[in-house]
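Below is a structure I'd like to ask you about.
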Amino acid sequence: MPDSNAEIMEKYEELFETGKRRGIKDITSDQLRELLKRYSGGFGTFSYTIMDFSSAEFLHVAEDIDQIWGYPAESFLEHGIQFLFNFFPEEHHDAHFKISTAAWTYGNSLPPEKLLYSTANFDNINRRKNGDLFRILTRQITVRLDGDGKIWLTLAIFTDISHIKEPEIKDEPRLSYYIPKTGEFLIYNPSTESMINLDILTDRERDILQLSARDKTASEIADELYISPYTVQTHRANILKKTGCKNMAELVYFSKYHFLTH
């Protein structure tokens, strides 16, 4: 990556001057690259920015961001965070507004110790500069809070995941939330407009959900867990009842990228 220069290292170090991450000032460019790779999931082309929500501007934009959308870093720096909205298909504007509002509202409802380093994950369809559709996973990690304990600065990592799932205009944007301090993982259910905490699932139900996220069939899950396919279907029905999702495919879709990247 082209971002091993002293300037980005200084900015990155400054972000973590909260006392929450010890030893971050000694991070090397190789370690930074690995950190970004881990947060991106390591399964696609990725780039990143540092976003300031108090001014709606980018503090830093990686020089290789053009490999994601086709626009140079200067375009992002000039137009600010609003520039990202240009990439959403018009058909998804309302859905984007809902999940963005949900992520902001939920994140800022957390106590500061939970909000810091929490991650909002957005899985959605975007358009490149040439008009082509692609699927992108955006992970926004909160790295600095303002004086009121609300979101101020985030490290946003953008990963092209089109090779994992075809970008189709019918697929509306999805949102999930991860809180590393407690290990909580939540998914946003647009049907109820609420965040669903997967902690409501039993250990067995989580096992089945995780295997389902790996595209395992009921028979394959039954064989792996030494239970009957009927038991798998019963657990799946309980998962749907607890989460309020319409079907298993919907729930698996929400959670798939969490299980792939953690």
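The values are calculated or read from the model by the stated rules, or taken from the named source; none is laboratory data. All of these numbers come straight from a predicted model, not from anything done at the bench. Ideal geometry is used to build each Cβ from the backbone, glycine not excepted, and the neighbour counts take in all protein chains shown. To get the accessible areas, we keep the full protein, side chains included, count just its heavy atoms, and leave off ligands, DNA and RNA. Shrake-Rupley method; radii C 1.70, N 1.55, O 1.52, S 1.80 Å.
Measuring from label point to label point, each 7 Å out along Cα→Cβ, what is the ILE169 to GLU74 span in nm?
If labels sit at ILE169 and GLU74, their model points lie 3.3 nm apart.
Sticking with this one: Rounded to the nearest percent, how much of the accessible area of the stretch 145-207 (1.4 Å probe, protein heavy atoms only) is carbon and sulfur?
Heavy-atom surface of the stretch 145-207 belonging to carbon and sulfur, 1.4 Å probe: 44 percent.
Counting only Cα, what are the radius of gyration and maximum Cα-Cα distance Dmax of the stretch 205-252, in Å?
9.7, 27
Using a Förster distance of 45 Å, how high is the FRET efficiency between SER54 and ASP207, based on the Cβ-Cβ distance and rounded to 0.05? All intermediate terms of the calculation are to be shown ahead of the outcome.
Numbers: r = 42 Å, r/R0 = 0.94.
The formula returns an efficiency of 0.60 here.
Using a ≥ b ≥ c from the Cα gyration tensor of the stretch 86-239 (square roots of the eigenvalues), is it rounded, prolate or oblate, where a/c under 1.5 gives rounded and otherwise the larger of a/b and b/c decides, a/b for prolate?
Numbers: a/c = 2.21, a/b = 1.30, b/c = 1.70.
Note, shape of the stretch 86-239 comes out oblate.
Further question: Rounded to a whole number, what is D in µm²/s for the stretch 68-160 from Stokes-Einstein with the Kirkwood radius over alpha-carbon pairs (37 °C, 0.692 mPa s)?
Numbers: Rh = 14.3 Å.
Roughly 229 µm²/s, to the nearest whole number.
Next up: How much length, in nm to one decimal, is gained on full extension between LYS98 and ASN238, taken as 0.36 nm per residue of separation minus their Cα-Cα distance? Can you show the working numbers first?
Numbers: separation 140, 0.36 × 140 = 50.40 nm, distance 2.71 nm.
Extra length available between LYS98 and ASN238 comes to 47.7 nm.
With a 1.4 Å probe and all protein chains left in place, how much accessible area per residue does the stretch 120-255 have, in Å²? Spell out each step's value before the answer.
Working: 6230 Å² over 136 residues.
In whole numbers, the stretch 120-255 has 46 Å² accessible per residue.
Given R₀ = 41 Å, FRET efficiency for GLU224-ASN108 by Cβ-Cβ distance, to 0.05? Mind showing how you got there, number by number?
Numbers: r = 40 Å, r/R0 = 0.97.
The pair GLU224/ASN108 has a calculated efficiency of 0.55.
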